[in-house]
Every structure is written in C-alpha cells, then in structure tokens.
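Each remark here refers to the structure printed beneath this line.
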Amino acid sequence: MTSLTKRFNYSVCYCCSTTPKIPSFNYFKSEANIKSNMDRLASAARLMIVSDLDQTMVDHHDPENLSLLRFNALWEANYRESSLLVFSTGRSPILYEELRKEKPMLTPDVTIMSVGTEITYGNSMVPDDGWEALLNNKWDRKIVTEETRKFPELTLQSETEQRPLKVSFYVQKDKAQDIMKTLSKSLEERGLDVKIIYSGGIALDILPQGGGKGQALAYLLKKLKREGKLPNNTLACGDSGNDAELFSIPDVYGVMVANAQEELLEWHAANAKDNPKVIHATERCAAGIIQAIGHFNLGPSISPRDVTDMSEIKMKNFVPAYEVVKFYLFFEKWRRGEIENSDLYLSNMKAVCRPSGTFVHPSGVEKSLEEYVNTLKKCHGDKKGKQYRIWVDQVLPTQVGSDSWLVSFKKWELCGEERQCCITTVVLSSKNVTVADGLTWTHVHQTWLPGAAASDSATWFF
C-alpha cells in the first residue's frame with residue numbers, strides 16, 4: 001500500500017481487527033457525557049493553561065481566527081487528555097457565551113469569569129459556591145453603588161456586566177488613578193475591603209478584596225493541591241491590567257502576548273522584570289501562548305496546522321487524539337481545495353478505514369465508511385475561497401481493548417456565518433500495525449449537537 005504519509009501527510013494502516021464491544025451509541029448523544037472537568041483526571045495535570053480570552057486567546061484582529069485554530073489543534077492533539085484548560089475572563093457569563101458563539105473556541109475544563117469573581121466547572125458550568133462564600137466577606141454591593149454615584153466621571157457598563165460580586169464602569173484614562181484612590185478610601189471608611197482594577201485603558205471594576213484573576217487561580221491551585229492533583233506546570237496568559245495578578249502567583253509560568261497593553265507592560269517593568277518565568281512574547285494572542293509553551297519547554301509546541309509533512313512527526317506511542325486531529329485537518333484542506341484532487345488520495349483514504357467499517361450519519365443513515373469516502377470526490381474544493389474551517393473539541397480517547405480505542409469529541413464546521421457541530425464517536429484500531437503506520441478507523445457515529453444541526457444534512461460529510 002502506498003504510504004499516505006508520503007502522499008498527503010496522513011499516517012494510515014489496513015487491518016482486519018475485530019470491532020471491540022462498545023457501549024450503546026445512545027450514550028454518546030448527550031454532550032453531558034463528554035467529560036470536561038477536573039475529576040476526569042486521575043492524577044495531576046501534565047499542564048494547566050490559564051488564559052484570558054479577549055486579545056489573548058482570541059485575536060479580534062484575525063478574521064480567519066488562524067492563531068486560535070492553531071492552538072486548538074495543538075491542544076486537542078497533544079494535551080486535552082492529560083491536561084487542564086482554564087479560561088479566565090473579565091466577561092460575565094452572558095458575554096462569555098456570546099463570544100463562544102462568535103469564535104471557534106475550545107471548551108475549557110474550568111471557566112473563571114467576571115474578573116475572577118465567578119468560577120465554574122465543566123460543560124454544565126457548575127458554580128463553585130465555596131469561592132462565592134469566601135468573597136462575600138466585607139462586601140456590600142449596595143454600599144459600592146451608593147459611593148460610586150458620587151463620581152459623575154464613572155459610566156456604568158451594560159447590565160450584563162453587573163454581577164453580584166462585581167460592579168463595572170467605564171472611565172477616561174486620565175481620570176482613572178485619582179478616582180481609584182479617592183473611591184478606595186471612601187469604601188474603606190464605610191467598612192468594605194475591596195479591590196479596584198483598571199484595564200484596557202477604559203474599564204474599571206470593583207470587586208471584593210479576595211477576588212480577581214490571580215486570587216481565583218491561587219484558590220484553584222490550592223484546591224487541586226488538596227486533592228493531590230497539583231499540575232506539573234501552570235502557564236498563565238494575558239494582555240491587560242486585569243491579568244497582572246496571574247503573573248504574581250508563585251511557581252506559575254507567565255506570558256504577556258506581543259499585543260499586551262501598556263498598563264500590563266508597566267506593571268511588569270515595575271514588579272516582574274527580573275522574573276525569568278514571565279516573558280513578553282513576540283507573537284500575538286494564541287500564537288504567543290504556543291510560543292511560551294515552547295520557550296518554557298512545557299511540552300509539544302508545534303501545532304499540527306503548522307506541519308506540512310506529517311512524516312516528520314515521530315510518535316513513540318499510538319496517540320488516538322493526534323490521529324483524529326490530523327484526519328480532520330486533511331478533510332478541511334480537501335474541501336478548501338488546498339491539496340490535489342487525486343484518486344490516489346481517495347484510495348489511500350479508503351485504506352484508512354476498515355473495509356467493513358460503518359459510518360452512522362447524524363441524519364441516522366448508516367453506510368459503509370468506504371461509501372462515504374467515495375462521496376468525497378464530489379466535494380473537493382467546494383469550499384475554495386470561502387471562510388471554511390473545521391476544528392475538533394474535547395477529544396477524549398478511552399482504551400477499550402489491547403488494540404482498540406473509543407474516541408469521543410465534538411466536530412465543528414464553520415462556513416461563513418454558519419456553524420454546525422456533531423457529537424462524534426469513533427473506534428480506532430492498532431491491530432497488526434506499527435506506530436509509524438497509524439491507526440485504522442473501524443466505526444464512526446455522529447449525532448447533531450442540539451442547536452447546531454446543519455440546515456441541509458446532505459451537505460454534511462464525516
């Protein structure tokens with residue numbers, strides 16, 4: 001068989017492995033059954049990334065979202081199974097959900113919102129009531145509201161950004177410092193212990209003293225340590241003033257992305273310029289995070305999206321997640337017309353699949369994997385010149401036999417403004433092959449994620 005590594009950078013094998021006994025696929029129809037919390041790890045996380053979102057993980061000046069997609073591929077291929085992803089944002093839950101609908105973001109294991117005053121876990125975003133109870137000490141939102149009314153320079157942010165443990169305003173940069181000093185004194189005189197944070201050159205947030213992104217991270221690390229799961233390494237990532245606290249936590253690596261704002265750079269110059277664990281990246285946003293992973297030697301730092309020849313990647317063991325990411329990157333390039341329309345590619349694609357393998361389409365139609373590979377001929381280049389991207393989220397393999405893995409994940413497609421997603425489960429086999437050969441796809445089953453079905457199921461492939 002011709003090597004797919006040589007032909008289109010995808011390792012494959014051909015085998016006759018028997019399909020392992022797998023759970024009913026009704027089990028995988030619910031997003032809730034894709035685990036996404038700290039409890040899924042039996043031991044300490046290999047790496048925990050704690051990242052701000054706007055202009056750190058998400059580059060609002062990158063319409064193609066390329067740096068974010070590069071990070072996504074790196075994380076799902078190499079880290080998701082054994083690491084923790086934490087988003088730490090100033091956004092409220094409502095605006096956070098809006099951003100998720102706008103950008104191709106991964107699902108974090110932990111979400112810290114409202115400038116560190118709210119912590120939630122997993123897909124269901126279960127709140128940490130213990131954290132909220134801690135912050136309520138010496139906090140009275142009514143008093144904060146009364147005192148801030150005395151400053152006409154303060155403009156309340158939208159109602160969505162006003163939270164039980166956070167009051168947020170806009171204020172001009174040249175007036176911010178004086179207001180913060182006076183307001184802090186008046187609130188202290190009224191018996192409150194608060195923290196006032198200025199960021200982005202315009203946003204002013206008032207929180208309980210124990211709140212903030214740094215304190216939330218410290219709380220999370222303490223909680224993990226108590227459970228015997230303190231991460232081997234933690235990387236904090238940010239771009240603005242409300243991220244500064246993240247870089248003050250002991251034993252945490254930090255990266256200020258290249259586009260970091262003036263207030264964060266000034267804080268760094270005054271407080272952490274001699275700390276070798278905190279760097280100012282030369283790359284923007286998520287690309288800067290990838291750069292920091294490599295700089296600190298925290299693990300693989302080459303995104304599969306940046307690899308032109310997959311044969312250059314030498315794996316020591318079978319890595320089902322990497323196989324999944326590579327497969328869908330090839331599929332994206334096929335539909336974007338970025339690779340040659342060759343019958344050899346299709347024959348090699350068939351070699352990836354077990355001859356008797358089956359594919360259950362989200363519409364419920366079941367066909368052989370080989371039949372669906374044949375349909376790919378007509379969709380080559382059908383997305384050429386369009387904003388078409390594919391990414392996979394929460395790729396979690398489970399070994400179900402000596403040579404078989406059950407891999408669950410969400411497969412997303414974006415074309416222009418339209419997004420679709422399927423809960424996907426595949427069975428991969430390593431029987432009679434080497435690591436260099438790769439894994440064989442023996443079964444694929446997909447169901448629509450509620451609210452994310454394609455308007456025309458006929459346009460959905462794999």
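For this structure, a couple of remarks:
- Working note: 222 nm ellipticity from helices only, DSSP H runs with n ≥ 4, each -39,500 (n - 2.57), summed and divided by the residues of the chain, gives -8500 deg cm²/dmol to the nearest 500.
- For the peptides 63-75, 105-117, 127-139, the ranking by mean Cβ contacts within 10 Å, running from highest to lowest, is 105-117, 63-75, 127-139.
- Apolar share of the accessible surface for the chain: 48 percent from carbon plus sulfur atoms, 1.4 Å probe.
- Region 171-191 and region 287-360 have their alpha-carbon centroids 53 Å apart.
- Calculated FRET value between Ser457 and Lys386, using beta carbons and R₀ = 25 Å, to 0.05: 0.80
- Modelled label positions at Asn297 and Asp129, each set 7 Å beyond Cα in the direction of Cβ, lie 4.6 nm from each other.
- Pair Ala269, Asp39: separation of 7 Å Cα→Cβ label points (nm): 4.8 nm
- Degrees between helix 343-352 axis and first principal axis of the chain (Cα, 0 to 90, nearest 10): 80 degrees
- Given their separation in residues at 0.36 nm each and the Cα-Cα distance between them, Lys138 and Asp193 gain 19.2 nm when the chain is fully extended.
- In this structure the amide hydrogen of Leu449, modeled in the peptide plane, comes within under 5 Å of the amide hydrogens of Cys421, Cys422, Ile423, none closer than 5 places in sequence on its chain.
- For Arg284, the residues whose modelled amide H falls within less than 5 Å of its own, excluding neighbours fewer than 5 places apart on the same chain, are Ala258.
- Taking a straight line from the alpha carbon of Lys273, these aspartates and glutamates sit under 17 Å away, with near neighbours fewer than eight places off in the same chain left out: Asp239, Asp243, Glu245, Asp251, Glu262, Glu263.
- P(r) weight above 30 Å for the chain, C-alpha pairs, percent: 48 percent
- The magnitude of the dipole of region 135-208, with charges of +1 and -1 set on the Cβ of Lys/Arg and Asp/Glu and taken from the Cα centre, is near 80 debye.
- Test item: Cα-centred dipole of region 178-297, Lys/Arg +1 and Asp/Glu -1 on Cβ, debye: 540 debye
- Based on alpha carbons, the Rg and Dmax found for region 135-208 are 11.2, 32 Å.
- Highest-first arrangement of 220-228, 439-447, where packing means the average Cβ count within 10 Å: 439-447, 220-228
- Stretchable slack from Thr160 to His280, in nm (0.36 nm times residue separation minus alpha-carbon distance): 40.0 nm
- Straight-distance crosslink candidates among aspartates and glutamates, where the alpha carbon sits under 16 Å from Lys431 and sequence neighbours closer than 8 are dropped: Glu323, Asp403
- Between 0 and 90°, nearest 10: helix 173-189 axis offset from the chain longest Cα axis: 70 degrees
- Under the simplified labelling scheme, the Lys150-Arg226 pair shows an inter-label distance of 3.8 nm, with each label point 7 Å from Cα along Cα→Cβ.
- Rounded, prolate or oblate (a/c below 1.5 giving rounded, otherwise prolate when a/b exceeds b/c) for region 385-454 by Cα gyration tensor: prolate
- Axis angle, to the nearest 10 degrees, between helix 320-335 and the longest C-alpha principal axis of the chain: 80 degrees.
- Taking the average, over residues, of other Cβ atoms within 10 Å as the packing measure, peptides 383-395, 339-351 rank 383-395, 339-351 from highest down.
- Cross-link partners of Lys185 among lysines (Cα-Cα below 24 Å; sequence separation of 8 or more within a chain): Lys138, Lys142, Lys150, Lys166, Lys173, Lys175, Lys195, Lys213
- Cβ charges +1 (Lys, Arg) and -1 (Asp, Glu), total dipole of the chain, debye: 1140 debye
- With a cut-off of 15 Å between beta carbons, the residues surrounding Gly385 carry a summed charge of +3, where Lys and Arg count +1 and Asp and Glu -1.
The values are calculated or read from the model by the stated rules, or taken from the named source; none is laboratory data. Predicted, not measured: the structure shown is a model, and the values here were computed from it. Positions of Cβ are backbone-derived with ideal geometry, glycine not excepted, and every protein chain shown enters the neighbour counts. Surface accessibility is based on the protein's heavy atoms, side chains included, excluding ligands, DNA and RNA. Shrake-Rupley method; radii C 1.70, N 1.55, O 1.52, S 1.80 Å.
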